[in-house]
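K.L.:
I am attaching a structure below and will ask some questions about it afterwards.
The values are calculated or read from the model by the stated rules, or taken from the named source; none is laboratory data. Quick caveat: nothing in here was measured; it's all calculated off a predicted structure. Note that each Cβ is placed from the backbone with ideal geometry, even for glycine, and that neighbours are counted across all protein chains shown. Just so you know, the surface numbers come from the protein's heavy atoms only, side chains and all, with ligands and any DNA or RNA stripped out. Shrake-Rupley method; radii C 1.70, N 1.55, O 1.52, S 1.80 Å.
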Protein chains: 2
Amino acid sequence: MSELRGACIIGQSGGPTAVINASALGVIRTALDTECITRVLGAAHGIKGVLDDRLYDMNQEDAAELELLKYTPSSALGSCRYKLADPDKDDTDYKRILEIFRKYDVRYFFYNGGNDSMDTCNKISKYMQKAGYECRIMGVPKTIDNDLNGTDHCPGFGSAAKFIATTCMEVHRDAHVYDTGMVTIIEIMGRHAGWLAGSAALATWAGYGPDLIYLPETDFDLTDFLDDVHRVYDKTGKCMVAVSEGIHRADGTFISEAKTSATDGFGHAQLGGLAAMLADAVKLETGAKVRGIELSLLQRCGSHTASKTDIDEAFLAGKAAVEAAVSGITDKMVAFRCTREGGYTCQTSLEPLEIVANAEKKVPREWINAVGNGVEQPFIDYVLPLIQGEPDAPRTNSLPRFAKLKKVLAH
Amino acid sequence: MSELRGACIIGQSGGPTAVINASALGVIRTALDTECITRVLGAAHGIKGVLDDRLYDMNQEDAAELELLKYTPSSALGSCRYKLADPDKDDTDYKRILEIFRKYDVRYFFYNGGNDSMDTCNKISKYMQKAGYECRIMGVPKTIDNDLNGTDHCPGFGSAAKFIATTCMEVHRDAHVYDTGMVTIIEIMGRHAGWLAGSAALATWAGYGPDLIYLPETDFDLTDFLDDVHRVYDKTGKCMVAVSEGIHRADGTFISEAKTSATDGFGHAQLGGLAAMLADAVKLETGAKVRGIELSLLQRCGSHTASKTDIDEAFLAGKAAVEAAVSGITDKMVAFRCTREGGYTCQTSLEPLEIVANAEKKVPREWINAVGNGVEQPFIDYVLPLIQGEPDAPRTNSLPRFAKLKKVLAH
């Protein structure tokens, strides 16, 4: 394999995480230190920055500020949700990407994102091969949803899981402070996979967490749900519930999509989301004081309670992508191979983009209890290593100190 | 002043905070180490525990577990929202309290709470004096709302302010990740005083925070609000707003109380609270993508991001209460006298319960900007010292390790 000299582009795509910038740093730092990579360019808002010729010259960034990317949540370069067309139907974007690659002599493209981003990588790679333009393309995984195929887990998930578990423990304490009845319903992200909602079980495992957890891997029945809550509430005077935003009826419709029928107990105009809706149903049914809490964006940007393991692995994924590309590999996503028995170990592997793109990894049914209102010990054993370690994040005046990038546009 | 020997009771009351247990520890630790205090009793659920004769024998607790109270959110002994009757109208409760005090030879009563709790202290103290029962009664302040008179600030506020500022910084980063329009509305606690909502300005001061902040100290006008949001959004494509839950119209009615009139833009059945309601109004007006986020219980139980200053001062308040009572003082609340020029200093003082009870300290009007959509530098200078320092909170498996009390009932 002959050495391929040229510039690289790093882009970030999809919903941000607490550690996506640690992966960007893994790419940038390694690329800056690699002799055959002549220039490191950061795409403004992912592939849109490539199409718009808005690329930041990362060589001009201050090294110390770059290091702070490890502790800076959200996508520092900007993100996008842009889906490339099928190149056989419309190759406008691809021609433009090739034009930009030629302009900057881009020979390495690293894209940090979820399912859609791996699909973007795949399409660009195929187009470049067809066009005879030599370019190595690598996907770097990222998603709090943890739903990418081909990898043990995804960078971003561990920190979100840790935020959820920590928060559930604290809210549990708060919700148990009075000797009066109280039901608390926590709404957690994850439209199609229940990895995040399931992580609330870490709080229960640690002594203070939800009594009931509902994942989108099973069908949700309102009557069963109310029965479950009733049973716990009648026994203890309290009930704490964690629900995935993606819980759905047996016919596949989301519970969060309010029905106009009055018979299902959800016949209300509503603005406040699933937690508020379920809280209302429980209030009507039990008469208990009920509080619905939506963790919202907090769970995906909570870098102040990130997992050090997650940060380190996110960095490692970016680094491994560059090293693999430089060694001649292309069309792969960096993945993790982990062992948990006899102590947690995590190594990177490389998976074909095809097996990753556009498929969702769900929580195995056997990790969820039979009645579908909680998770089993294997789920805990799986998640626990991923939340370990406290990052040594710098603070100024006891507030987070995020990376300040110059973002000098490349010409 | 002759030495007063006897037992003491510590009770916790009202809404919990991240550091109310640090104050309890300040009382318990100091009382355990004080020779003339023969026994330390913790009231289960505040004054209700006294009335119900449910008192925990704190002498039987493990010292190391007690120390963890510094890092354990919410009220470890349980709380209540119980208002004592006017003793001239109904002295049933007071007779019962005296009976319990006599039963355990209680000569010291420490009550940790907000306005109502100081009123409770005051009433009990007056009754005991009238009954000729020698007993020293001290209030220990607590409230995230920071609305107690007679003190520079209240334990609990600094940690909540820090949670709010940290979270706003992280959410700001998340909400700015796409190059598409986005309005974010954060709902913050504080029904009558804007100390907490104003603390979101710390995030802006640190570089990433709300563009607009609305406090309950000024009247809220929906048209002005929408104009404000429009102006910021038109200029930058983003707008981040922090609102106090207590914002109200000029006639005093809360914005969160939906009107049925369709003319005010709020004529919707709603479940999701103020943030969702305002988000809906902004969506209708601007067509922008809008996200409403309610910080809910998270802001008052977020011990994982507590202020070390707050923890230390909360402990100090409890300790000072015991020391003052033992020295012969009664009928006071521990307060803070602080200086900020030439470096922050904080000392305890003792204030009469009367000036504290049943009054609310608001944000000075001159600390709020003229148009009422932000706070001025004096507000920042006031809050900043209170959020300083990271606690060295113990963790197990990278999750919080809360105090596990035995809670042995006293006989």
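K.L.:
Every residue in the stretch B:55-82 that is surrounded by fewer than 24 Cβ atoms within 10 Å (Cβ to Cβ), in a loop (DSSP other than H, G, I, E, B) and more than 9 Å from chain A (Cβ to nearest Cβ), please.
P.N.:
Hits for the stretch B:55-82 are B:61, B:62, B:82.
K.L.:
Name the residues in the stretch A:101-142 that are outside any helix (DSSP H, G or I) and without any contact (Cβ under 8 Å) to a residue 40 or more places away in the chain, would you?
P.N.:
A:132, A:133 - these are the residues of the stretch A:101-142 that are outside any helix (DSSP H, G or I) and without any contact (Cβ under 8 Å) to a residue 40 or more places away in the chain.
K.L.:
Oh, and also: Determine which single condition residue B:198 fails, assuming it passes every other condition in (1) touching a residue at least 12 places away in the same chain (Cβ under 8 Å); (2) part of a loop (DSSP other than H, G, I, E, B).
P.N.:
Residue B:198 satisfies every listed condition except (2).
K.L.:
Quick one: which residue in A:378, A:391 is within 14 Å of chain B (Cβ to nearest Cβ) and either more than 30 Å from residue B:344 (Cα to Cα) or open to solvent by less than 60 Å² (accessible area, probe 1.4 Å) (or both)?
P.N.:
Answer to the selection: A:391.
K.L.:
Filter the stretch A:372-406 for residues that are touching a residue at least 40 places away in the same chain (Cβ under 8 Å), more than 21 Å from the chain's Cα centre (by Cα) and farther than 30 Å from residue B:163 by Cβ and give the result.
P.N.:
Answer for the stretch A:372-406, where residues must be touching a residue at least 40 places away in the same chain (Cβ under 8 Å), more than 21 Å from the chain's Cα centre (by Cα) and farther than 30 Å from residue B:163 by Cβ: A:372, A:373, A:406.
K.L.:
In the stretch A:36-47, is there at least one residue being within 14 Å of residue A:321 (Cα to Cα), assigned by TED's automatic domain parsing to the domain that holds residue A:140 and out of contact with any strand residue (DSSP E or B) (no Cβ under 8 Å at 6 or more places or on another chain)?
P.N.:
Within the stretch A:36-47 (the criterion being within 14 Å of residue A:321 (Cα to Cα), assigned by TED's automatic domain parsing to the domain that holds residue A:140 and out of contact with any strand residue (DSSP E or B) (no Cβ under 8 Å at 6 or more places or on another chain)), the answer is no, since none of the residues qualifies.
K.L.:
Could you look through the stretch B:31-54, keep only residues that are in a helix (DSSP H, G or I) and surrounded by 23 or more Cβ atoms within 10 Å (Cβ to Cβ), and pick out the one that is nearest to the other protein chains (Cβ to nearest Cβ)? Spell out the reasoning first.
P.N.:
Keep residues of the stretch B:31-54 that are in a helix (DSSP H, G or I), which gives B:31-32, B:47-51.
Right, trim to surrounded by 23 or more Cβ atoms within 10 Å (Cβ to Cβ) and you get B:31, B:47, B:49-50.
Details: B:31: 22, B:47: 12, B:49: 9, B:50: 13 Å.
Selected residue: B:49.
K.L.:
Next question. So how many residues does the stretch B:127-175 have that are within 14 Å of chain A (Cβ to nearest Cβ), under 30 Å from residue B:7 (Cα atoms) and either among the aliphatic types (A, V, I, L, M) or open to solvent by 20 Å² or more (accessible area, probe 1.4 Å) (or both)?
P.N.:
Number satisfying all stated conditions: 1.
K.L.:
Now, a different point. Restricting attention to the stretch B:236-276, and to residues there that are β-branched (Val, Ile, Thr) and modelled with pLDDT of 50 or more, which single residue is nearest to residue B:188 (Cα to Cα)?
P.N.:
Per the criteria, the residue is B:243.
K.L.:
Considering A:213, A:188, which residue is crowded, with 21+ Cβ neighbours inside 10 Å, away from chain B (no Cβ under 11 Å), under 27 Å from residue B:17 (Cβ atoms) and not basic (Lys, Arg)? Even if it seems obvious, please write down each step before you answer.
P.N.:
Values: A:213 fails: under 27 Å from residue B:17 (Cβ atoms).
Every option except A:188 fails the conditions.
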